[in-house]
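Quick notes on the structure that follows.
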Amino acid sequence: MASFTGLKILYGLFELPLAAIEIFLRLYLFIHFTEVVKLPPWMTGLALLVSLASDAALAPWIGAKSDAWFGYGRGRWPWALGGALVAGLALLAMFQIPAGTEPHSAFALLVLLMLVLNTGLVFANVPYAALIGDVAEGEPESYLGWRVAFGGLGQLAGLAIPGFFIALKDPLAFKQSAWILTILLFLLGFVSSMSRPAFRPRRVTPIDPDFAVLTTGDFLRARPFPAFFHGATLWLFAIAVLNVAVTFALSVSLPYYKLSLRLEENITQGVLLTSALFAIAAIPLWLLLYRRWGPRRAFLASGLPWAALTALSPLILGLGEKALLYLYGGVLLGIFTASTVIWEWWFVANARRVGAGLGAAYGLWRMMSRLARAFGTALAGLALSWAGIQGFDPRIDDRLALIYGPVVGIGILLALWLAYGNLKRSET
């Protein structure tokens, strides 16, 4: 029993650097390229849009190929470790672009390096996540639970590492952070791969009833997926809208805190770190609600407070009571973490029920989230340019408050409305 627990922990470790890099890029990439490299926000958003769209296009193909690789009697770890190597080198190079680089040159470099980075990350993420479908013994959900737990710790690390250097007023804070995150990615990837004995590759025949590699179209048409994909439209759109709102909120949060609320750096970092702690603490609570209430009620319970708080944020955060930010930020991040955990847990369970290879399932999952993140990032770049964060427009306070509050809140409510109806149909 102890050995199985150890293998689960080893498996989950790789999620820590992957989640840390994800939150680091979401929060600090805009800040670095607009304030240090001096790239206009709309150009940063466009560069990310191109790279994330490429990531989304690759994800289903990589997932299906990793299923086939597994089916031929091989494991998925070579895919994950190779992707981690490429992603780490690209991350280091991206934060080496010098300050004052001519905007068009900086834009071209950012597009190129983000394409390489996201390609590496999709090679690492999709086969790694799909490993839970290859578990030799025990419940796959317990492996997912450890991955989610280390993902929460990764969010904390992705905030704490740059926060430490920012608190020291290190002018190379983001470069130093990129080095540490890359080392973590390489080191924990290697350590996590020692969980191989938990996943036993096996050769299969076309008539093997326990293994099937479905095309994306077959996957969407298989029961019970039509119930919640509703012809691959409403459910996909709900996930997309939620991810757009999340990406938009994270991209504009730091400019809002810094330029509109004029918070000191130590308070901002305190908000972010406390938020990550709330997110980690929320995971077991929402999983309990998922088991007690089912996905529909648990999802609604996690999402409605987030939508309401976000929509009211200009009032809440404009009162000058900075201590409220600690609670507010924590509630938002905790609820977002809960929503994604509930969604993924339910998604994996249904993918296994229809007999789909989890590589194909996770490829589709990543494709949806990446397309939405690409769109949300591009929107954030345009919105921040409109707010005037580089020219210090006198209307910046009102504009950032409008962006950070009602716009994001309405997006979350729309996603909840779409998803709730589809979840209800899937339970009947």
**Message:** Within region 185-197, take every residue that is within 16 Å of Arg147 (Cβ to Cβ) and touching a Leu at 6+ places or on another chain (Cβ under 7 Å) and give me the one that is surrounded by the fewest Cβ atoms within 10 Å (Cβ to Cβ).
**Reply:** Val191
**Asked** When you scan region 161-189, how many residues do you find that are closer than 22 Å to Phe33 by Cβ and part of a helix (DSSP H, G or I)?
**Response** 18
**Complete:** If you go through Leu214, Leu168, Leu172, Leu234, the only one that is in contact with a helix residue (DSSP H, G or I) (Cβ under 8 Å, 6 or more places away or on another chain), among the hydrophobic types (A, V, I, L, M, F, W, C) and either buried (at least 22 other Cβ atoms within 10 Å of the Cβ) or modelled with pLDDT of 75 or more (or both) is Leu172
**Prompt:** When Thr119 is evaluated against the numbered criteria (1) in contact with an Asp or Glu (Cβ under 9 Å, 6 or more places away or on another chain); (2) surrounded by 21 or more Cβ atoms within 10 Å (Cβ to Cβ), which criterion, by number, is the only one it fails?
**Reply:** (2)
**Complete:** Exactly one of Phe95, Phe33, Phe24, Phe14 is under 23 Å from Leu159 (Cα atoms), touching a residue at least 40 places away in the same chain (Cβ under 8 Å) and touching a Pro at 6+ places or on another chain (Cβ under 8 Å), and that residue is Phe24
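For every residue, the table says whether it meets (1) outside any loop (DSSP other than H, G, I, E, B); (2) farther than 18 Å from Leu25 by Cα.
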position: Leu49; (1), (2): yes, no
position: Ala56; (1), (2): yes, no
position: Pro60; (1), (2): yes, yes
position: Asp67; (1), (2): yes, yes
position: Trp79; (1), (2): yes, yes
position: Ala84; (1), (2): yes, no
position: Leu89; (1), (2): yes, no
position: Gln96; (1), (2): no, no
**Request:** Taking the options Ser260, Ser251, name whichever one is at pLDDT 55 or above, small (Gly, Ala, Ser) and more than 22 Å from the chain's Cα centre (by Cα).
**Result:** Ser260
**Request:** Consider only pairs whose beta carbons are under 7 Å apart and that are at least six residues apart or on different chains; among these, list those whose first residue lies in region 172-201 and is within 20 Å of Pro78 (Cβ to Cβ) and whose second residue is hydroxyl-bearing (Ser, Thr, Tyr) and part of a helix (DSSP H, G or I).
**Result:** Ser192/Tyr11; Ser195/Tyr11; Ala198/Tyr11
**Request:** Just give me the residues in region 127-148 being within 11 Å of Tyr11 (Cβ to Cβ) and either modelled with pLDDT of 80 or more or in a helix (DSSP H, G or I) (or both), in sequence order.
**Result:** Tyr128, Ala129, Leu131, Ile132, Asp134, Pro140, Ser142, Tyr143, Leu144, Gly145, Trp146, Arg147
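Quick grid of which residues meet (1) modelled with pLDDT of 75 or more; (2) among the hydroxyl-bearing types (Ser, Thr, Tyr); (3) surrounded by fewer than 24 Cβ atoms within 10 Å (Cβ to Cβ):
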{"position": "Gly357", "(1), (2), (3)": "no, no, no"}
{"position": "Gly363", "(1), (2), (3)": "yes, no, no"}
{"position": "Leu382", "(1), (2), (3)": "yes, no, yes"}
{"position": "Ala387", "(1), (2), (3)": "no, no, no"}
{"position": "Gln390", "(1), (2), (3)": "no, no, yes"}
{"position": "Asp397", "(1), (2), (3)": "no, no, yes"}
{"position": "Leu416", "(1), (2), (3)": "no, no, yes"}
{"position": "Asn422", "(1), (2), (3)": "no, no, yes"}
{"position": "Thr428", "(1), (2), (3)": "no, yes, yes"}
**Prompt:** Just to be sure, is Gly82 crowded, with 19+ Cβ neighbours inside 10 Å and at pLDDT 85 or above?
**Reply:** no
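The values are calculated or read from the model by the stated rules, or taken from the named source; none is laboratory data. What you are looking at is a predicted structure, and each value in this text was computed from that prediction instead of being measured. Cβ: placed from backbone, ideal geometry, glycine included. Neighbour counts: every protein chain shown.
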